[in-house]
Amino acid sequence: MQKMPHHKALLLVLSLGVSACAASPAALSGSPPLAEASSVALGQSAYAEGPVIQPVELLEDSRCPADVRCAWAGEVRLKMLWIRPGARAQPFEAILGKRVPLADGKLLLESVTPPKEVDRPIRPEDYRFSFRFDGGL
């Protein structure tokens with residue numbers, strides 16, 4: 001068996017260690033992030049004009065159905081992940097129409113589709129979310 005020179009073995013170990021530490025957003029979601037954060041499905045990651053985000057769970061959808069008059073419009077709450085390169089994904093919550101501090105700015109959950117209807121429940125896989133990030137250097 002041939003011996004590997006010490007400096008080559010050290011270089012191999014260091015390069016493997018560095019590649020193991022850098023978790024990409026695609027590795028977390030299973031696919032590359034969308035180029036923009038409009039029409040994002042649950043479990044899908046997207047670039048939000050800077051940070052990479054991923055809606056992972058619908059916590060609440062109490063929106064008023066489109067064909068009903070309501071005293072309260074209701075709200076949508078999402079469990080989200082901020083996917084940071086080389087770091088653990090950071091969980092946070094997004095609420096429709098409210099800005100949430102994220103990275104060096106604020107993230108806004110701008111819209112949710114499809115609209116809610118009285119007689120037709122929305123399946124989790126049918127939801128789409130649009131986000132806007134205000135901030136950055």
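The values are calculated or read from the model by the stated rules, or taken from the named source; none is laboratory data. All figures in this text were calculated on a predicted structure; none of them were measured in a lab. Because the Cβ atoms are built from the backbone with ideal geometry, glycine has one as well, and the counts that use them run over all protein chains shown. These accessible areas exclude ligands, DNA and RNA; they are computed on the full protein's heavy atoms, side chains included. Shrake-Rupley method; radii C 1.70, N 1.55, O 1.52, S 1.80 Å.
Assorted remarks:
- Listed peptides 111-121, 45-55 by packing density, highest first (mean Cβ within 10 Å): 45-55, 111-121
- Expected-Rg normalisation [2.2 N^0.38 Å, Cα atoms] applied to segment 57-137: 1.24
- Residues whose amide H lies under 5 Å from that of GLU57, counting only those 5 or more places away or on a different chain, are LYS79; hydrogens are built 1.01 Å from N in the peptide plane.
- For ARG123, ARG88, the ranking by accessible surface with the largest value first comes to ARG88, ARG123, using a 1.4 Å probe.
- Solvent-accessible surface of segment 68-121, taken per residue with a 1.4 Å probe and all protein chains present: 66 Å².
- Judged by the mean number of other Cβ atoms found within 10 Å, the most tightly packed of the peptides 101-108, 59-66 leads the ranking 101-108, 59-66.
- Carbon + sulfur, % of accessible area of segment 69-131 - ligands and nucleic acids excluded, 1.4 Å: 51 percent
- Accessible-area ranking of PHE133, PHE92, largest first, probe 1.4 Å: PHE92, PHE133
- Here the simple spin-label model places points 7 Å from the Cα toward Cβ, and for ILE95 and ARG120 these points are separated by 2.9 nm.
- Listed residues LEU34, LEU109 arranged by accessible area, highest first, probe 1.4 Å: LEU34, LEU109
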